[in-house]
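Reviewing the structure listed below.
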Amino acid sequence: MSDCIAHMAPEPVFAEPWHAQIFAVTVALNEAGRFDWPDWAARFSATLKRNGLDHALDGGDDYFHAWLETLEALLAEQGTALPDDVRGLHQAWEEAYLTTPHGQPVHLRDS
């Protein structure tokens, strides 16, 4: 065995922090018993198929946008996260990050 072994850092599993976050939220909801994984997988597969009809999916953002779309639809169907509430929260975050000075933490305003 060679004395010079190249050490390379492993490739990141997720390309973007939000990819990891949406994955972790989904796993946590499953582990909390909010839905069964086989049901999740079937729903996500249907979303991927539907979204893939328009264009070839690249496995990056489009994959996780489909993941988020599936999770939002499931939570809306359960009455946990209603579409108007999700839209309002999205708009609040968008306003917060657009008005936050570069390099500063982004915070939502108190309602």
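Each reported figure results from applying straightforward, stated rules to the coordinates on display, with no laboratory input. This is a predicted model, so every value here is computed, not measured. Counting neighbours? That spans all protein chains shown, and the Cβs are built from the backbone with ideal geometry, glycine included.
Using the Cβ-Cβ distance between residue 97 and residue 28 with R0 set to 22 Å, the FRET efficiency from 1/(1 + (r/R0)^6) comes to roughly 0.40. In this calculation the C-beta distance from residue 14 to residue 110 is compared with R0 = 35 Å, giving a FRET efficiency of 0.70. Note on residue 41 and residue 76: the extension gain reaches 10.9 nm, defined as 0.36 nm multiplied by sequence separation minus the Cα-Cα distance.
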